[in-house]
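The values are calculated or read from the model by the stated rules, or taken from the named source; none is laboratory data. Keep in mind the model is a prediction, meaning the values are calculated, not measured. Here Cβ is always computed from backbone atoms with ideal geometry, including for glycine, and neighbour counts include all displayed protein chains.
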Amino acid sequence: MNSKFTMIVRVLLGLILVVSGLNKFIQFIPTPASTFIDSLGQLDYVFPVVGVFELIIGGMLLVKRWVPFALLLLVPISLNIVLFHIYLNFSNVGAAVLVALLNGILIYKHWRVYRPLFN
């Protein structure tokens, strides 16, 4: 679990999440315009809540605290990101798949921690 590869994947995923979470508040990376995104933006709580979760999970990954827990929290978020891009914005699906793939790799690397959940 402490290999250089695992550390690189963890830090890369943490940085992606921190940047994405900050973007929910500061808007320094343009987001694709769509009716769905616009409707979510009209709800005052959706982007801030997702942004806070991304910042917390990314921070936990960067400081290497509660990594297995952070990875479990990230599963529904990364799944929804992938599904959104598959159905509504396929041109940008690569970044979504990257987040899900990095999350999957880290879950696989920490599988011994999750094994008791499935016994």
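Observations
- Which numbered condition L61 fails, given (1) over 10 Å from the mean Cα position of the chain (by Cα); (2) surrounded by fewer than 16 Cβ atoms within 10 Å (Cβ to Cβ); (3) modelled with pLDDT of 95 or more: (2)
- Residues of segment 105-119 satisfying the condition of being surrounded by 13 or more Cβ atoms within 10 Å (Cβ to Cβ) and either more than 15 Å from L17 (Cα to Cα) or touching an Asp or Glu at 6+ places or on another chain (Cβ under 7 Å) (or both): I105, I107, K109, H110, V113, Y114
- The helices (runs of 4 or more DSSP H) located wholly in segment 60-119 that include 2 or more residues which are touching a Gly at 6+ places or on another chain (Cβ under 9 Å) and without any contact (Cβ under 8 Å) to a residue 40 or more places away in the chain occupy 67-88.
- If the condition is being in a helix (DSSP H, G or I) and of a type in the set (A, V, I, L, M), then segment 39-59 contributes L40, V46, V49, V50, V52, L55, I56, I57.
- Condition check for L83: over 17 Å from the mean Cα position of the chain (by Cα) and more than 17 Å from L17 (Cα to Cα): no
- Within segment 1-56, the set of residues being over 23 Å from L73 (Cα atoms) and of a type in the set (K, R) comprises just one member, K4.
- Restricting segment 11-38 to residues that are assigned to a helix (DSSP H, G or I) and not hydrophobic (A, V, I, L, M, F, W, C), the residue that is modelled with the lowest pLDDT: T35
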